[in-house]
1. Looking at region 393-474, what helices (runs of 4 or more DSSP H) fall wholly within it and have at least 1 residues that are under 30 Å from residue 383 (Cβ atoms)?
2. Is it true that residue 467 is closer than 23 Å to residue 279 by Cα, of a type in the set (A, V, I, L, M, F, W, C), over 24 Å from the mean Cα position of the chain (by Cα) and surrounded by 13 or more Cβ atoms within 10 Å (Cβ to Cβ)?
3. Search region 307-331 for residues that are touching a residue at least 60 places away in the same chain (Cβ under 8 Å) and pair each with any residue that is of a type in the set (Lys, Arg) when their beta-carbon atoms are under 7 Å apart and the residues are at least 6 apart or on different chains.
4. What do you reckon, is residue 355 among the small types (Gly, Ala, Ser), closer than 24 Å to residue 319 by Cα and in a helix (DSSP H, G or I)?
5. Can residue 393 be described as of a type in the set (Gly, Ala, Ser) and surrounded by 14 or more Cβ atoms within 10 Å (Cβ to Cβ)?
6. So, residue 335, is that one of a type in the set (Phe, Trp, Tyr), assigned to a loop (DSSP other than H, G, I, E, B), in contact with a helix residue (DSSP H, G or I) (Cβ under 8 Å, 6 or more places away or on another chain) and under 25 Å from residue 189 (Cα atoms) or not?
7. So if I check each of 299, 395, 287, which one is of a type in the set (A, V, I, L, M), under 30 Å from residue 120 (Cα atoms) and assigned by TED's automatic domain parsing to the domain that holds residue 464?
8. Please give the strands (runs of 3 or more DSSP E) falling wholly within region 119-214 in which 1 or more residues are at pLDDT 90 or above, out of contact with any Gly (no Cβ under 8 Å at 6 or more places or on another chain) and not charged (D, E, K, R).
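The values are calculated or read from the model by the stated rules, or taken from the named source; none is laboratory data. Keep in mind the model is a prediction, meaning the values are calculated, not measured. FYI the Cβ positions are ideal-geometry reconstructions off the backbone, even for glycines, and counts take in every protein chain you see.
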Amino acid sequence: MKHSFHRSKCPEYYFEFGHTGVRRIVPALPNGEQDFCGQKYFSNYGCIAGLFFQRLSKRFADWAELALAIYIADRFSPRRDPRCRMDIAHRRRKIYLQIAVFDVRFWKSTEVQQRLQEALWILTEDDWQFEFLKRETPLTPCAQEFLFSEPCNKSIRVALFSGGLDSFAGAVHQLRNHKLHHVFVSGVTHARMGDGQRQQMASLQQLGNDFRHLQIEYGLKEHKIRDNTLEGSQRSRAFMHITLGAITALHAGKDELYMYENGIGALNLPFDATQIGIETSKGANPVFHRAMENFIETVGNRPFRIINPFIFLTKAQALREAQVSKFGVGLAQTFSCDRFPNWREGQPQCGTCASCILRRLSIESADLGEYDLDQGYARNIISPAFIPDDSAARVLAHFDKQVLTLQKVLNHKNPWKALAIEFPELFEIERSLMSNAQCEETVHEALIQLVRKHVNQWRVFSGRAALDRYLNAA
């Protein structure tokens, strides 16, 4: 018997997090059809060391547990409506989350609730509701290593390190400053990611600088739940990773966290009018960063900044700025693919997703092609013999169409006005960037130059020829 439902209604999920694992309830389905209880999850955030032999405060432990719960709830809340088996539409969701914390009064406060929900709305565009209970049992013990075996005499800088091309360039860029002790924080959800991050860090040892790499594993202990109950977009990963980085920074007595992402990737402007809302990732978007700063300031009770030195640079410019050519061999160890670890095809990069195409464009534009090993891609888009399938051609066409649109607005007598009308989200981005004490004209000009540089790089990209080969073969 088919179940009737209203397509306009958001899918709803209820989660209870406790010492026995997580319980999920899907009220829209009869007989507890997709309910489950006891799925185990974990995070070794305890390795965020007590910098001066101090363990994590209870509030920071609450925060880390909450971020992990948000990530797990996001994973177990498919955007496709569970009442329709064949549904493929991505929708906003209502997610109710119950979790025990030490400081119930703090987490229930209006200010904390508002800032938490604002940050999550920008990131996931979902309706998150939280119920905080008093934690009666201690947290599961986890090793709390010390960052340093003895007090550090240098000033500390904390940065996120994902293992992607931008974070590798950012690490190279940052390690040129020998006056600082650098702490790189990585979130790890599977072994291949962790191994890749460690390989990249090992290749940076030749700089001889003072740094520490902190890998924090998290995820599901045992994957007992069917894949069709999982959401693949994982928009909340950015909340989790910034939480881990911010806790590390605050625990080290610092009021800033560095994150490296090129401007084109950070702004992530839609390819066309159909790509709106949750269809684009906002994990590095300045609007989300400002909302996270507000939330972090409330939790940490002190001013806090998230700094992206690459915000006005294309990926190719970031590679040049960091002088990555000295570490060209390390480029092959980085991973950019939307499908990473891409178990099905056995290569770190698929070669034809939007992230892979931007990666190849950038490495070629930065004159680092000799280090971009073709065997690292399941499909070699820059090979003269490569003819893309429909899916790959669609992604290439999206890039091409967007660049044509950008060319048109750049030729306008008022480029900024034309650009912002075409991409209204830039008005919010502009305000977020200006909150860092940059004047309006400076922000406008920097964004226009960023877009102009991207357009020029795309126009001479060898991979564009693959689209012509597709059209000729059709």
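1. Once the helices (runs of 4 or more DSSP H) in region 393-474 are filtered for at least 1 residues that are under 30 Å from residue 383 (Cβ atoms), what remains is 440-459, 465-473.
2. So residue 467 does not fit the description; no.
3. Filtered contacts from region 307-331: 314/453; 317/453.
4. Taking the combined requirement at face value, the residue satisfies it.
5. Yes; evaluated as a whole, the condition is true for this residue.
6. yes
7. The match here is 395.
8. 127-134, 180-188
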